[in-house]
Amino acid sequence: MTELLNKLAAWGVNVAIAFTALRTNLMRSILTTLGVMIGVFSVILAVAVGNGAQVSVTQQIATLGSNMAIVLPEPERANGPPRPGDRGRLTERDGEAIARQVPGVVAVAPQIRTSVQLVTGGRSASTQAIGSTESFASISNLGTADGRFLTRSDIGSAARVVVIGQTVADKLFIDVNPIGEKVRINRVPFTVIGLLESKGSNLGNDNDDQIIVPITTLRQRLSTTTAQGPDDVTLLFVGFEDEDTLVAGDREIKNLLRARYRVSKGKITPFTVRTTKEIAETSGEVTQIFQAVLVAIASISLLVGGIGIMNIMLVSVTERTREIGLRMALGAKRSDIRNQFLVEAAVLCIIGGGIGLLLAMVAAAIFQQVADFPAPIGLDTALLAIAFSGIIGLVFGGYPAIRASRLSPIEALRSE
Amino acid sequence: MTAPLLETRDLIKNYVIGGEMVHAVNGVSLRIDRGEFVAIMGASGSGKSTFMNMIGCLDVPTSGVLKLDGIDTRTLNSDELAEIRNRKIGFVFQQFNLLARTSALDNVAVPLIYAGVGPAERRARAQARLEAMGLGNRLLNTPAKLSGGQQQRVAIARALVTNPLILLADEPTGALDTQTSLDIMGIFQKLNDEGITLVVVTHEPDIAEYAARRIVFRDGKVIEDEAVTSRRRAVSS
Ligand SMILES: Nc1ncnc2c1ncn2[C@@H]1O[C@H](COP(=O)(O)OP(=O)(O)O)[C@@H](O)[C@H]1O
Ligand SMILES: [Mg+2]
């Protein structure tokens, strides 16, 4: 017990010696610390931005709806984007079949997407129009902030009604409640019946820059170039009861579609099924890679900071050779001298790391305010930063410290 | 009969500089017993410092026997030598070798750090040593605020703080004026009266007369080793 206390006290002495030495060369200490500070600052910020990207992706996936699959009429490609020839067919009737035959399916919402131009009063906006059905709202967690969503009768009657996203509303209606307003979409007059709840933007993709109209209306009034037949859709949204049926649904949907399109055995499935679960997983991987790359780049500055530490510690050892000799003459063991210089390097690094961490927290907060991008720094990141700077000190201070400890007492004492 | 405090036989230290061999210490055999007060004299370059550094375990002999308190120090590793320097030997240097920007108290406490003594006891023991040196009112002064004689007294306090067996002083008065030198020798004499063994290097004959035994070096060998006949006593103030 007292043994342990004495050991702790010995480290305390080293910290005191370190502070005296660092104060002696204050300017030099500050400049050296600056290197580590910048290094830790950039690593922490990189981690925070990476965390933010992950949070952002998670949010984006949540906006898709929890247990949902998207069916696309193109074969899955392991590498690269689909080629033009890839695109096959997918119809509303396929959707109905999926709803009837695939276990666990709650609802299916067909979609046709097309670019449109909106005009009202003197203003205009171009955006993406999604033609879908009333089920779309429930499958993809879409709510309305004001007014109402499409109803079954809107679809049946091919009503010229539109639900608009927040961004579109901001562009077209200033100081006017958009609900009930008239708007011309590709010159066709529509009535605004609803305003979508804002879903924010994720990684530069504005989720509020879209409008939703009945699929029937879109087909009849807003020309689409992609459709090959009267029944064709761009994609299908399929809502499932729970995660288990969702996971099984991937195969079920493919098998059903293979049967419906009589794809012979051995040929690849000309359909892609993407589940929210899969999307979450791959996006998670992508953001992790993104974060790793960021941190790797930032680590270079930390490495440079570490080399600065090593450099200054070597200078310090050389300047204080006589002191080292004296301490040895008074009974310091090699390990005492080594620890003294290790602690000095670690103190430099931890001070730098602490300041770097604080600056990173400030920068992250500013980033969050200005760029509306979350960059959270958790307690774990903070502790990691401090521990990491200490380790930098030990690693880069190690060589100078060992060099100091290997000096011969008499030669050190005789040096000038 | 107890072993002598210090015993050397055919102690040799050679240096090679510029391809030429220098016999700095060239076969020294002697013994020093507990309670002795030895002055080592000799011309510059005669090997006094080299000898002191070897018996102080700061330097290793080229060959020969070196026993301190019955321990053959040539068989010890660096940690064991550090411990001997810490527990059994006190050093006093010509240039005082105090840590700059460090108080007298903290300077004196340094050996106790390496002896594993806790902070409170370190303080108490360092303070007691400084008070015994008449520096009770200078505890928190840094070396820059102390005279040469005061600095050397701090250094002596530091050398004594671990209660060593022997005090080794290599030209301790070399950087001091005559009166201060005599004061320091007076302190040594008092310590010797209290039973501490001392080996002091000096090249001033009147300083050497404070010791009880005088050893003279020339060219790395002992050429004279005799009791001081006309021993001087310090006028204690
Ligand atoms: N580290 C060393 N390297 C080479 N020669 C040395 C070294 N130390 C001492 N010497 C030589 O050894 C001899 C004795 O030196 P030293 O013990 O310092 O003498 P003193 O202390 O009696 O003046 C001198 O010739 C000196 O030049
Ligand atoms: Mg000398």
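Each value in this text was obtained by applying a stated rule to the coordinates, not by laboratory testing. Given the structure is predicted, the values throughout are model-derived calculations rather than measurements. Note: ideal-geometry Cβ built from the backbone for every residue, glycine included; neighbour counts use all protein chains shown.
Observations
- Annotation for the range A:128-207 versus the range A:36-55: alpha-carbon center distance of 38 Å.
- For the range B:114-237, the equivalent ellipsoid derived from the Cα gyration tensor has semi-axes of 28, 17, 14 Å, listed largest first.
- Of the beta bridges in the range A:74-270, as assigned by DSSP with both residues counted there, near 75 percent are antiparallel.
- Here the range A:312-416 yields Rg over Rh of 1.23, to two decimals, using C-alpha coordinates and the Kirkwood radius.
- Cα-only radius of gyration and Dmax that characterise the range B:140-179, units Å: 11.3, 31
- Subtracting the Cα-Cα distance of A:Arg89 and A:Glu285 from their residue separation scaled by 0.36 nm leaves 67.5 nm.
- The protein assembly as shown - mean residue ellipticity at 222 nm from DSSP helices (-39,500 (n - 2.57) per run, n ≥ 4, rounded to 500): -16000 deg cm²/dmol
- Taking B:Met185, B:Met52, B:Met133 as the candidate residues, the one with maximal mean-square fluctuation in a Gaussian network model of chain B, Cα springs under 10 Å, is B:Met133.
- Chain A: most fluctuating residue of A:Gln369, A:Gln288, A:Gln111 per GNM, C-alpha cutoff 10 Å: A:Gln369
- Qualifying trypsin sites (Lys or Arg not before Pro) in the range A:224-303, where qualification requires a DSSP coil assignment and no more than 16 other C-beta atoms within 10 Å, comprise A:Arg262, A:Lys265, A:Lys267.
- Once both labels are positioned 7 Å from their Cα atoms along Cα-to-Cβ, the gap between A:Ala365 and A:Ser198 label points is 2.3 nm.
- Residue order for A:Val263, A:Val293, B:Val154, fewest other beta carbons within 10 angstrom first, comes to A:Val293, A:Val263, B:Val154.
- Model label points for A:Arg262 and A:Arg152, set 7 angstrom from Cα along the Cα-to-Cβ axis, are 3.4 nm apart.
- Hydrodynamic radius by Kirkwood, which averages 1/r over all alpha carbon pairs of the protein assembly as shown, in angstrom: 32.2
- DSSP bridge orientation in chain B - percent antiparallel, rounded to nearest 5: 55
- Distance from the C-alpha centroid of the range A:219-292 to that of the range A:348-416: 49 Å, rounded to the whole angstrom.
- For the range A:118-257, the relative contact order works out to 31 percent when only alpha carbon pairs closer than 8 Å and six or more residues apart are counted.
- Relative frequency of Cα-Cα separations exceeding 17 Å in the range A:256-380, percent: 77
- Percentage relative contact order, chain B, counting C-alpha pairs under 8 Å, at least six apart: 27
- Degrees, to the nearest 10: B:104-114 long Cα axis against longest axis of chain B: 60
- Structure remark: mean-square fluctuation, Gaussian network model of chain A, C-alpha springs under 10 Å; the largest value among A:Gly393, A:Gly131, A:Gly12 belongs to A:Gly12.
- Ordered from longest to shortest, the equivalent ellipsoid semi-axes for the range A:74-270 are 32, 18, 16 Å, each the square root of 5 times a Cα gyration tensor eigenvalue.
- Size of electric dipole in the protein assembly as shown: Cβ of Lys, Arg +1 and of Asp, Glu -1, about Cα centre, debye, nearest 20: 640
- Charge dipole magnitude, Cβ of K and R +1, D and E -1 - the range A:91-222, Cα centre, debye nearest 20: 480
- For the range B:112-216, the relative contact order comes to 24 percent (Cα pairs under 8 Å, sequence separation of at least 6).
- As a ratio to 2.2 N^0.38 Å, the alpha-carbon radius of gyration for the range A:290-336 is 1.84.
- Ranked list, fewest to most other Cβ atoms within 10 Å of each Cβ, for A:Leu303, A:Leu348: A:Leu303, A:Leu348
- Sparsely packed GluC sites (Glu not before Pro) within the range B:36-122, loop by DSSP, other Cβ within 10 Å at most 13: none
- By DSSP, the beta bridges lying fully in the protein assembly as shown are antiparallel in about 70 percent of cases.
- Lysine-lysine proximity count for chain A, Cα under 26 Å, sequence distance 8 or more or distinct chains: 8
- Helix B:119-132 and the longest principal axis of the C-alpha atoms of chain B enclose an angle of approximately 80°.
- Three semi-axes describe the equivalent ellipsoid of chain B; taken as square roots of 5 times the Cα gyration tensor eigenvalues and ordered largest first, they are 28, 21, 17 Å.
- Distance (nanometres) between label positions extended 7 Å along Cα→Cβ at A:Arg414 and B:Ser63: 2.1
- Angle in degrees between helix B:178-193 and the longest Cα principal axis of chain B, rounded to the nearest 10: 80
- Each of A:Leu142, A:Gly104, A:Thr91 was placed along the dipole of the range A:74-270 (beta-carbon charges, centred on the mean Cα), and the one lying farthest toward the positive end is A:Thr91.
- Both the radius of gyration and Dmax for the range B:1-125 are 16.8, 52 Å, in that order, over alpha-carbon atoms.
- Straight-line cross-link partners of B:Lys48 among the lysines, defined as a Cα under 23 Å from its Cα and at least 8 positions apart when in the same chain: B:Lys13, B:Lys67, B:Lys88, B:Lys221.
- Here's the picture: charge each Lys and Arg Cβ at +1 and each Asp and Glu Cβ at -1 in chain A, and of A:Thr321, A:Gly239, A:Ala385 the one pushed furthest to the positive end of that dipole is A:Thr321.
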